[in-house]
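Remarks on the structure that follows.
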Amino acid sequence: MSSLQALLGDLTSGSETRAEKAVPGLIELGEAAIPALLELTRSSDVDQRWWGLRVLAQSPHAQAAWLFPFLDDTARAVRQSAALGLALKPDETATPSLVKALSDEDSMVSSLAVNALVKIGKGVVPALIDVVKRSPERVEGNAPQSARIHALRALAEIKDHRSIPVMMKVMEEDSALLQHWAKEGLDRLGLDMVYMKPV
């Protein structure tokens, strides 16, 4: 049995301990392991898809684009793994998929998507501003208001001056969470209490 086959056997054994121990070895095999890992991500078994993504996310030989489709996976654990992987592989071309993930029904997926967008940085700012500007009726997904909150959180963490007008506008809305992240963003940009609404 080859080293690759043995490691894949451990990865798909159903034992979390054995699987975790196999991860570094599979990464070390480099490009030789990639086809088998991609095959795992096409499995009907959720655990196999998850472990395949887990290794690909950490492999320097894997492309970020391979993770994009899994933000739409039926299994939330797989969507979480994809979002986490994209935080490890910041890639601006992931922006549309990650912005869509801000509306995910699973709060962990949307939170991890925020982290990935922040890692990408200033290139995602226009897309995030667009999400915050949308009225709840126009935001796609199951939790439109939460998508706006997540987008605002990402903008606050990125600290780009282009987001100032939309943050100031949000301060006029009747949402404590939106106001919190708008104020946080303005504070981080050095504009703090000046833009708080009068009590």
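The values are calculated or read from the model by the stated rules, or taken from the named source; none is laboratory data. Everything quoted here is computed from the prediction, not taken from an experiment. As a convention, Cβ positions derive from the backbone with ideal geometry for all residues, glycine included, and neighbour counts pool all protein chains shown. When the accessible area is computed, the model is the full protein with side chains, heavy atoms only, and any ligands, DNA or RNA have been set aside. Shrake-Rupley method; radii C 1.70, N 1.55, O 1.52, S 1.80 Å.
Things to note:
- Any hit, the range 146-158, residues being open to solvent by 60 Å² or more (accessible area, probe 1.4 Å) and modelled with pLDDT under 95: no
- Condition broken by S103, with the remaining ones in (1) open to solvent by 30 Å² or more (accessible area, probe 1.4 Å); (2) within 12 Å of the chain's Cα centre (by Cα); (3) not hydrophobic (A, V, I, L, M, F, W, C) satisfied: (1)
For every residue, the table says whether it meets (1) open to solvent by less than 80 Å² (accessible area, probe 1.4 Å); (2) of a type in the set (F, W, Y); (3) farther than 19 Å from K89 by Cα.
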residue	(1), (2), (3)
T17	no, no, yes
R42	no, no, yes
R49	yes, no, no
L53	yes, no, no
W66	yes, yes, no
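- Counting only residues that are open to solvent by less than 50 Å² (accessible area, probe 1.4 Å), more than 27 Å from the chain's Cα centre (by Cα) and under 20 Å from P60 (Cβ atoms), the range 1-15 holds 2 of them.
- Within the range 95-137, if we keep just the residues that are at pLDDT below 95 and of a type in the set (S, T, Y), the residue that is nearest to A75 (Cα to Cα) turns out to be S107.
- Residue match in the range 24-31 (condition: under 18 Å from D106 (Cα atoms), free of Cβ contacts under 8 Å to residues at least 12 places away in the same chain and either in a helix (DSSP H, G or I) or open to solvent by 10 Å² or more (accessible area, probe 1.4 Å) (or both)): no
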